[in-house]
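Working notes for the structure below.
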Amino acid sequence: MGNVITHGAATASVVPSLPMARYSVYNRHATLSSAVAAMHPMAYLYALQETDLAIDSLRQQIAQIDAQLGETEELIQLKTQVEATRKRIQQLHSQQRDLELETLSLQDKIKGVENKLYGGEITNPKELQGLLEDLQALKKQLSLLEDRLLTLMIEGDEQEKALRKQEERLSQVLTAWQEEQEKLKAERGQLEEQLRLLEAQRDAQVAQVAPPFLSLYEGLRARRQGRAVAKVERGLCGGCHIALPVSLVQRARTGSSPVQCSSCERILYVP
Ligand SMILES: [Zn+2]
């Protein structure tokens, strides 16, 4: 019985640190352990199963958190949008600078033609007429350039406004996302901690089970959605709910070897 007491003590030291409300199986398990002196060999298997189910549930929760860690679709979209708007603004600025340079050079040209035209050095009417036509053409070109420049500046303003809105939205979403990620990471850490405790508890429980029983248990667990042991209540198998022969229930209650349900093959545990 020495090892049985050790098992009970180890369980008792582990279980109270776990959040009872969330994992009600611990409560039931604690109840089982407190009745340690009267425990049937199958009760150990049943207790082991409770631990394994809790471990399964924790691993599932950790996997769910892992799926939520990382950038969300919304965040990626907003970042892409901001990046695209910034790029567009850069393009507009660069086009604007080019047009401004073009405008300056055109204005210089116009000044040159005007100087020639009104300088008094050229008197030939034909030549003067030609210069006048050049001047008109250049001024028309300048006016077109100025229109293009204005269009660019208007779009630039609109893009700047859009960028400010997008950045504001991104910042809000980013803050909420970061908070959420921190919460998830903290929760994951707690779950990992609980998992480590349960795994230690499982090691202690496994040590109480005879190896052939354990391999039968593991095989059934793999085939029966994690539930290898079924409680017998009012003569019914807790796994498949079939009515069990009285003699089978009797053997399960008094025997020290596993007795399996004739229908679902689960190991029967009569509490
Ligand atoms: Zn059954």
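The values are calculated or read from the model by the stated rules, or taken from the named source; none is laboratory data. Small disclaimer: the values here were computed from a predicted structure and weren't measured. Cβ: placed from backbone, ideal geometry, glycine included. Neighbour counts: every protein chain shown. For accessibility, only protein heavy atoms count, side chains too; no ligands or nucleic acids. Shrake-Rupley method; radii C 1.70, N 1.55, O 1.52, S 1.80 Å.
Once the chain from residue 127 to residue 215 is taken as fully extended at 0.36 nm per residue, the excess over their C-alpha distance is 20.7 nm.
The number of Lys pairs in the chain with C-alpha atoms less than 15 Å apart, excluding pairs fewer than 8 positions apart on the same chain, is 8. Across the chain, the relative contact order, built from alpha-carbon pairs under 8 Å that are at least six residues apart, equals 27 percent. When only the Cβ of Lys, Arg, Asp and Glu is charged (+1, +1, -1, -1), the dipole of the chain relative to its Cα centre reaches about 1900 debye. Under the simplified labelling scheme, the residue 137-residue 107 pair shows an inter-label distance of 2.3 nm, with each label point 7 Å from Cα along Cα→Cβ. In the range 45-138, Rg over Rh equals 1.79, where Rg is the alpha-carbon radius of gyration and Rh the Kirkwood radius from pairwise Cα distances.
Helical runs assigned H by DSSP (4 residues or longer) give the chain a calculated mean residue ellipticity at 222 nm of -27000 deg cm²/dmol, each run adding -39500 (n - 2.57) before division by the residue total. Once the 1.4 Å probe is applied to the protein heavy atoms, the range 73-197 comes out at 72 Å² accessible per residue. Approximating the spin labels as points 7 Å out from Cα along Cα→Cβ, the residue 115-to-residue 253 distance works out to 12.0 nm. Once each part is reduced to its C-alpha centroid, what is the distance from the range 131-171 to the range 68-93 in angstrom? Distance between centres, Cα-based: 24 Å. Expressed as a whole percent, the accessible surface of the chain that belongs to carbon and sulfur atoms is 54, based on a 1.4 Å probe.
Computed over the alpha-carbon pairs of the range 73-197, the distance histogram in 5 Å steps reads 2, 9, 12, 10, 8, 8, 8, 7, 6, 5, 5, 4, 4, 3, 2, 2, 2, 1, 1, 1, 0 percent, short to long. For Cα pairs less than 8 Å apart in space and 6+ apart in sequence, what is the mean separation divided by the residue count of the range 205-261, i.e. the relative contact order in percent? For the range 205-261, the relative contact order is 20 percent. Share of pairwise Cα-Cα distances greater than 34 Å in the chain is 56 percent (whole percent).
For residue 234 and residue 71, a Förster radius of 51 Å and the Cβ-Cβ distance give a FRET efficiency of 0.45, rounded to the nearest 0.05.
Sorted by accessible area (1.4 Å probe), largest first, how do 246, 270 line up?
Putting 246, 270 in descending order of accessible area: 246, 270.
Only one residue of 262, 125, 241 has its Cα farthest out toward the positive end of the dipole of the chain, where Lys and Arg carry +1 and Asp and Glu -1 on Cβ, and that residue is 262.
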